[in-house]
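Visitor: Below: one structure in structure tokens.
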Amino acid sequence: MVYRLALSAAVRYGWRMDQIPIVDTHQHLWDLDLLDLPWLEEAPQLARNHRIDHYLREVAGHGVARAVYMEVDVAPSERPREREVITALCRDPEAPTCGAVFGATPGSVEFPATVEALAANPFAKGARLVLHPPNLPADHCLQDAFVNGVRLLGANGLMFDICIRPTALPEAAELASRCPGTTLILDHCGNADPHIVAGNGGNPGEPTYGHTREQWLEGMQAVAAQPNVVCKISGIVARAAAGWSAADLAPAVNHCIDTFGEDRIVFGSDWPVCTFGAPLREWITALREIISTRPDRLQHKLLHENATRIYQLA
């Protein structure tokens, strides 16, 4: 299966067969002619189309064989349209996108109907609601209605991606403990600032992503103690300062690997958000360098095997 995957991707996307293939579990895509993303008003660097053809140019030659789409925080009224557009993409045999995590609001009135729609969609793997906006209290994900919504996902064979402030990692651990039947995917290494973790900079007082090194280390330990949580190695390059190197990212990556273990880690590009720190190809190259001294078995698990198993990719 791995050989067929690698051969097919090598032919389509032009990369070397000696590279370990990658399943990208955090692929953002949007076409502003089709969907409205209100938050782009505050992110002018990203305020243009990022379609599948753009993504394929970015990953060409770097080993990406398959991808899982990650919701892009469209206006809630457009979530059904998002599902329609991305499901059509997943059906395209020429696209690497073969699964999707869609936007949803656990605990909302419409959430049960959304779960029903996702459960009926063969490409839907789970749901996400971004939990780091400043207007959301830290314990929002621990409200009874929210917890029950996350439990409903698991009861229907779906996962929940949790993207939370690094200072709120204990809340993520508590949510996981209350929802043992649901797999939670912790996005972006717990939204770590890689320079803080490495002890060479960062802003601990930044209102959304700020944290101390000790807060993050202890928070990640608490989350990893919950066996139903998977850590996504993603996101940190977006917060890397100009002139960063693989050595700046390595402490955060290595702590995630060592804390969660080889069976509960997956790779995510976070493209195009990653371009705040570097082009996608530089993030992939840096990660391959960081894990190059790890056993081949672990590298295969991180880059594609775990994702294939956890997301149940055919």
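The values are calculated or read from the model by the stated rules, or taken from the named source; none is laboratory data. Note that this is a predicted model, so its numbers are computed, not measured. Don't worry about glycine lacking a Cβ; one is built from the backbone with ideal geometry, like all the others, and counts go over all protein chains shown. We work out accessible area using only protein heavy atoms, side chains counted, and drop any ligands, DNA or RNA first. Shrake-Rupley method; radii C 1.70, N 1.55, O 1.52, S 1.80 Å.
Visitor: With just the Cα atoms defining each centre, how far is the range 220-290 from the range 174-205? Give it in Å.
Guide: Cα centres, the range 220-290 to the range 174-205: 10 Å.
Visitor: Another question, then. Which value, in Å² and to the nearest 10, is the accessible area of Asp258 when all protein chains are kept and the probe is 1.4 Å?
Guide: That residue has around 100 Å² of solvent-accessible surface.
Visitor: Kindly write out, for the range 212-219 in residue order, the coupling ³J(HN,Hα) from the Karplus curve 6.51 cos²θ - 1.76 cosθ + 1.60 (θ = phi - 60°), rounded to whole Hz, with x marking Gly and Pro.
Guide: Listing the rounded values in order: 8, 4, 5, 4, 5, 4, 5, x Hz.
Visitor: Another question about this same structure. So what are the range 126-254's ellipsoid semi-axes, whole angstrom, largest first, if each one is the square root of 5 times an eigenvalue of the alpha-carbon gyration tensor?
Guide: Values: eigenvalues 141, 42, 29 Å².
Ellipsoid semi-axes (Å, largest first): 27, 15, 12.
Visitor: If you average the sequence gap of Cα pairs under 8 Å that are 6 or more apart and divide by the length of the chain, what percent do you get for the contact order?
Guide: RCO, the chain: 17 percent.
Visitor: I've got another one for you. Could you tell me the calculated FRET efficiency between Asp258 and Asp33, based on Cβ-Cβ distance and R0 = 30 angstrom, to the nearest 0.05? Mind showing how you got there, number by number?
Guide: Details: r = 44 Å, r/R0 = 1.48.
Efficiency computed from Cβ-Cβ geometry: 0.10.
Visitor: For Val109 and Glu218, what does the FRET efficiency come to when R0 = 35 Å and r is the distance between their Cβ atoms, rounded to the nearest 0.05? Intermediate values should be presented prior to the final figure.
Guide: Values: r = 36 Å, r/R0 = 1.04.
Efficiency for this residue pair is about 0.45.
Visitor: Shifting gears a bit: Under a Cβ-only charge scheme (Lys and Arg +1, Asp and Glu -1), can you give me the dipole magnitude of the chain about the Cα centre, in debye to the nearest 20?
Guide: Using only the charged Cβ atoms, the result is roughly 880 debye.
Visitor: How far is it, in nm, from the label point at Gln312 to the one at Ala138 when both lie 7 Å from their Cα along the line to the Cβ?
Guide: Those two pseudo-labels are separated by 3.6 nm.
Visitor: Continuing with the same structure: Hey, could you pull the Cα Rg and Dmax for the chain, both in Å?
Guide: In Å, with Rg to one decimal and Dmax whole: 18.1, 50.
Visitor: Per residue, how many Å² of accessible area does the range 172-213 show with a 1.4 Å probe?
Guide: Here the residues of the range 172-213 average 34 Å² of exposed surface.
Visitor: If you don't mind, there's one more thing I want to ask. First compute the accessible area of the chain with a 1.4 Å probe, then give the percent of it belonging to carbon and sulfur atoms.
Guide: Of all accessible area on the chain, carbon and sulfur atoms account for 52 percent.
Visitor: Okay, moving on. So what is the calculated 222 nm ellipticity per residue for the chain, using -39500 (n - 2.57) for each DSSP H run with n of 4 or more, over all residues, to the nearest 500 deg cm²/dmol?
Guide: -11000 deg cm²/dmol
Visitor: Using amide H atoms built 1.01 Å from N in the peptide plane, name the residues 5+ places from Ile22, or on other chains, whose amide H lies under 5 Å from its own.
Guide: Excluding prolines and chain starts, which carry no amide H, the hits are Val64, Ala65, Arg66.
Visitor: Note the full-extension length gain between His300 and Asn203 as 0.36 nm times their separation in residues minus their Cα-Cα distance, in nm to one decimal.
Guide: 31.5 nm
Visitor: Let me ask you something else. Starting from the Cα of Arg48, step 7 Å toward the Cβ, then list every residue of the range 269-287 with an amide N under 18 Å from that point.
Guide: It comes to 271-281, nothing else.
Visitor: Another question about this same structure. Would you kindly derive the ³J(HN,Hα) couplings of the range 240-251 from the backbone phi angles with the Karplus curve 6.51 cos²θ - 1.76 cosθ + 1.60 (θ = phi - 60°), listing them in order in whole Hz, with x for Gly and Pro?
Guide: 7, 6, 3, x, 4, 9, 4, 5, 6, 8, 4, x
Visitor: When the Kirkwood radius is taken over all Cα pairs of the range 108-176, what Stokes-Einstein diffusion coefficient follows at 10 °C and 1.306 mPa s, in µm²/s?
Guide: Translational diffusion coefficient: 126 µm²/s.
Visitor: Which residues' amide hydrogens lie under 5 Å from the amide hydrogen of Trp271, considering only partners 5 or more residues apart or on another chain, with H built in the peptide plane?
Guide: Here the answer is His28, since their amide H atoms fall under 5 Å of that of Trp271.
Visitor: Right, another one. What list of ³J(HN,Hα) couplings, whole Hz, do you get for the range 264-274 from phi and the Karplus terms 6.51, -1.76, 1.60, once you set θ to phi - 60° and write x for glycine and proline?
Guide: With the stated coefficients, the range 264-274 comes to 10, 9, 9, 9, x, 7, 6, 6, x, 4, 4 Hz.
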